[in-house]
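Worksheet for the structure shown next.
The values are calculated or read from the model by the stated rules, or taken from the named source; none is laboratory data. Note that the structure is a prediction, hence the values are computed from the model and not measured. Quick reminder, even Gly has a Cβ in these numbers, built from the backbone with ideal geometry, and neighbours come from all protein chains shown. Ligands, DNA and RNA are excluded from the accessible area calculation, which covers all protein heavy atoms including side chains. Shrake-Rupley method; radii C 1.70, N 1.55, O 1.52, S 1.80 Å.
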Amino acid sequence: MGRRIGILGGTFDPVHIGHLRGALEVAEMLSLDELRLIPNARPPHRDTPSSSPRHRLRMVELAVEGVSPLCVDARELGRDKPSYSIDTLESLRAELAADDQLFLLLGWDAFCGLPSWHRSDELLEHCHILVLQRPDADIEAPEALRDLLAARSAPAPEALSGSGGQIAFVWQTPLEVSATQIRQLLAAGRSVRFLVPDAVLAYINAHGLYRASN
């Protein structure tokens, strides 16, 4: 059996406990060999990040240091074009064995926007999709995704088989944390302790990130 690799993309501006706890829960549930956090350079569906790629990469590196199987993949930061997921999946697949399983983690909001993604109809050729949802979520998928879900849904994440092609839902511990909230608190001079790892907080303070004067 091949390796099992998860990927979680994001601006990580900054990386926080919601990202990390969600990633770790999935990694443990599916016994992943690796779960790679992939910082975006130029996210096509979001505003330009507040802090530089260099700072965001370093914060993620500090956050996952010593936390196996979480790790960092910086491939998107080296591109001079928008961070399209299909490009990342294709480059990853080129490095993996045919029987390696690849799992793309998406939050519910990102998943609902999937039809507007660049070459979205090709994503499942390269990976399985894991949709992260809260246990108390009671939301229906948009109509544009209902046929896809009917054809590709697996009954549980553990039932995903093969190198890709299916969709499963993963219920997550609810953590009401957002990078926007953290940036706002920092800009107001308030503490974000326990919302980000201590090493990330030390880095933010050392470099004066997200302060009102930035």
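Of everything in the range 178-191 that's in contact (Cβ under 8 Å) with a residue 24 or more places away in the chain and farther than 19 Å from Gly10 by Cα, which residue is surrounded by the fewest Cβ atoms within 10 Å (Cβ to Cβ)? The residue in question is Ala188.
Considering the range 1-17, and only residues there that are at pLDDT 95 or above and farther than 20 Å from Gly78 by Cα, the residue that is nearest to the chain's Cα centre (by Cα) turns out to be Gly6. Could you say whether any residue in the range 40-55 is closer than 25 Å to Val170 by Cβ, modelled with pLDDT of 95 or more and either open to solvent by 10 Å² or more (accessible area, probe 1.4 Å) or in contact with a Leu (Cβ under 9 Å, 6 or more places away or on another chain) (or both)? No, there is no match, as no residue in the range 40-55 is closer than 25 Å to Val170 by Cβ, modelled with pLDDT of 95 or more and either open to solvent by 10 Å² or more (accessible area, probe 1.4 Å) or in contact with a Leu (Cβ under 9 Å, 6 or more places away or on another chain) (or both).
All conditions in (1) open to solvent by 20 Å² or more (accessible area, probe 1.4 Å); (2) part of a loop (DSSP other than H, G, I, E, B) hold for Leu62, with the sole exception of (2).
Scanning the range 80-93 for residues that are open to solvent by 50 Å² or more (accessible area, probe 1.4 Å) and in contact with a Lys or Arg (Cβ under 9 Å, 6 or more places away or on another chain) yields Asp80, Lys81, Tyr84. Among the residues examined, Arg75 qualifies as on the phi < 0 side of the Ramachandran plot, open to solvent by 50 Å² or more (accessible area, probe 1.4 Å) and not aromatic (Phe, Trp, Tyr). Could you please find all residues in the range 94-125 being touching a residue at least 12 places away in the same chain (Cβ under 8 Å) and over 22 Å from Thr11 (Cα atoms)? The answer is Leu96, Ala97, Ala98, Asp99, Asp100, Gln101, Glu122, Leu124, Glu125. The set of residues from the range 10-35 being part of a strand (DSSP E or B) and farther than 25 Å from Phe194 by Cβ comprises just one member, Glu34. Does Arg36 qualify as being modelled with pLDDT of 95 or more, under 20 Å from Leu130 (Cβ atoms), touching a Leu at 6+ places or on another chain (Cβ under 6 Å) and open to solvent by 20 Å² or more (accessible area, probe 1.4 Å)? So Arg36 fails the test.
Within the range 36-59, the set of residues being over 14 Å from Arg4 (Cα atoms) and either part of a helix (DSSP H, G or I) or under 13 Å from the mean Cα position of the chain (by Cα) (or both) comprises Leu37, Ile38, Pro39, Asn40, Pro43, Pro53, Arg54, His55, Arg56, Leu57, Arg58, Met59. Just one of the numbered conditions (1) over 29 Å from Arg3 (Cα atoms); (2) of a type in the set (A, V, I, L, M, F, W, C); (3) open to solvent by less than 70 Å² (accessible area, probe 1.4 Å) is not true of Ile129: (1). The C-beta contact set for the range 61-80 (first residue farther than 9 Å from Ala41 by Cα, second residue open to solvent by 70 Å² or more (accessible area, probe 1.4 Å) and among the charged types (D, E, K, R), distance under 7 angstrom, 6+ apart or interchain) comprises Pro69/Asp33.
Note on the range 132-148: residues that are modelled with pLDDT under 90 and either surrounded by 12 or more Cβ atoms within 10 Å (Cβ to Cβ) or within 17 Å of Ser91 (Cα to Cα) (or both) total 6. Annotation: Leu175 fulfils all but one of (1) of a type in the set (A, V, I, L, M); (2) under 16 Å from Leu106 (Cα atoms); (3) without any contact (Cβ under 8 Å) to a residue 60 or more places away in the chain; the unmet one is (3).
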